[in-house]
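Participant: Below are the C-alpha cells for one structure; questions will follow.
Since every read-out is calculated from the coordinates, none of them should be taken as a lab result. As the structure is a prediction and not an experimental result, all values here were calculated from the model. Heads up, the Cβs are rebuilt from the backbone with ideal geometry, glycines too, and the neighbour counts pull from every protein chain shown.
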Amino acid sequence: MGVILVIPKFTIVVTTRCNLRCKLCCEYVPQNKSFSDITINECERLLLALFNTVDHVNTLHLSGGGEPFLHSKLADLVEACMKYQDKFDKLMLFTNCTIIPSQELVDVLAKHKEKIVLQVSRYGIDSGQEAEVLSKLKCAGTKLKIEKYYGEDQTFGGWVDFGAWKSQNRTSDELVCVFKNCAVTRDMHGNWRTRDGKVHWCSRSQRGTELELIPHFKEDYVDLFDETSVQEKRKKFFKLMSAKYINACNYCSGHQGTTDNSLRFQAAEQVR
C-alpha cells in the first residue's frame, strides 16, 4: 500500500461575492470584480477529482472569496459534499453574520449537524442582524465557532496587511523564513484551496494567480483537471507539502500569523 495522502484543510471557493467591503480583506474582494458563483455541477466535478486524488481531508471547507450565505444553492452544495462524508472528518462553513440563512439551509445544517462546524465571524456591524443569524443557526443545532472581530479582544488581535502585489526581491533564505513563520505553514500545514481545480497552498497564491496580480507559477499549485495521471498529481501534492517556500511568498508582506501587535489592525473596517 502506498503512502496515504491526507490534506489537513481543503477549501472549495463557492463565491467571490460579498456584501461587505473590508479594507484588509484577505480575499481582496472590494478591489476586484467577482467571478461567477460555483455551480452544483462544478462542485461535484471538483469533489470527484479531489477524492480520486486525495485519500482523506480532515476539514473540508465551503468558503472562499466572499460571503457563502449569498450563494443561492449553498444547501445543495452541502448535500453534494455529504456524498463523500466518509472521506472527510468535518465540513466547515463560514459566514460574516450579516445574511439571514434560508430555511432550506437551516434544515440541511440540522440534518448534518454531527458533521458540520460553522464559523461565525462577528464584526459588530449590525447587532440586531447578528442576533437573528445566530438564533437561526442555533436552532439548527450546528456546532458554532464564534469569532469576535470588533472592539477589544479581537480574535488574533485583529487583521494584518498582506501588502501590495509586487515582488519583494527576497533571497531564498528570506523566502524560507517567511514561509516557515507563516501561520498557514506553522499552524495549518497548508490552507489548500481552489475555485477552478487549481489547488494552491494559500489564499495569497490562489487569489493572486487567478486575478493575474502575480506571475503564473505552475509549480505552486496542483491542477486537478490537467492531463497528468493521478499519481503525478499526488506526487505534486507531496512535493508542495515538503516545499521550503512557494513563489507567492515573494509577493506577500509575510505578516500572516505575526505576534507583533503593531502589525495588526482593526478588522472589517469598511471602505467606500
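Participant: Which of the lysines could a cross-linker bridge to K136, judged by Cα under 27 Å and excluding same-chain residues fewer than eight apart?
Facilitator: Qualifying lysines at Cα under 27 Å: K9, K73, K83, K90, K111, K113, K115, K145, K148.
Participant: How far apart, in nm, are the 7 Å Cα→Cβ label points at L263 and E147?
Facilitator: Between L263 and E147, the simple spin-label model gives 1.8 nm.
Participant: Related question: What is the extension gain from C26 to R272, computed as 0.36 nm multiplied by their sequence separation minus the C-alpha to C-alpha distance, in nm to one decimal? Can you show the working numbers first?
Facilitator: Details: separation 246, 0.36 × 246 = 88.56 nm, distance 1.72 nm.
86.8 nm is the gain from fully extending C26 to R272.
Participant: Please sort by residue number the GluC sites (Glu not before Pro) in segment 177-261 whose DSSP state is loop and whose Cβ has at most 11 other Cβ atoms within 10 Å.
Facilitator: Working: sites: E210, E212, E219, E227, E232; in loops: E212, E227.
Qualifying residues, ordered by number: E212, E227.
Participant: Between K166 and K87, what is the spin-label point distance in nm, taking each point 7 Å from the Cα along the Cα→C-beta axis?
Facilitator: 4.3
Participant: Loop only by DSSP, 15 or fewer other Cβ within 10 Å of the Cβ. Give me the trypsin sites (Lys or Arg not before Pro) in segment 161-224 that pass, ordered by residue number. Display every interim value, and only then the final one.
Facilitator: Values: sites: K166, R170, K180, R186, R193, R195, K198, R204, R207, K218; in loops: K166, R170, R195.
Passing both the DSSP loop test and the Cβ count: K166.
Participant: Right, another one. Taking springs between alpha-carbon atoms closer than 10 angstrom, which of S121, S262, S253 fluctuates most in the Gaussian network model of the chain?
Facilitator: Per the Cα network of the chain with a 10 Å cutoff, S262 tops the list.
Participant: Taking 25 Å as R0, compute the FRET efficiency from the Cβ-Cβ separation of V6 and T155 and round it to 0.05.
Facilitator: Values: r = 27 Å, r/R0 = 1.07.
Given R0 = 25 Å and the Cβ-Cβ separation, E is 0.40.
Participant: A further question on this structure: Using the Cβ atoms and a cut-off under 11 Å, what net charge is assigned to the surroundings of V271, where Lys and Arg are +1 and Asp and Glu are -1? Don't jump to the answer; show the numbers that get you there.
Facilitator: Details: positive: R21, K23, R272; negative: E269.
Here the charged neighbours net out to +2.
Participant: What's the FRET efficiency of S36 with I100 using the Cβ-Cβ distance as r and R₀ = 25 Å, to the nearest 0.05?
Facilitator: Numbers: r = 23 Å, r/R0 = 0.93.
The pair S36/I100 has a calculated efficiency of 0.60.
Participant: Under the Cβ-under-4.7 Å rule, which cysteines of the chain stay unpaired?
Facilitator: C18, C26, C43, C81, C97, C139, C177, C182, C202, C249, C252
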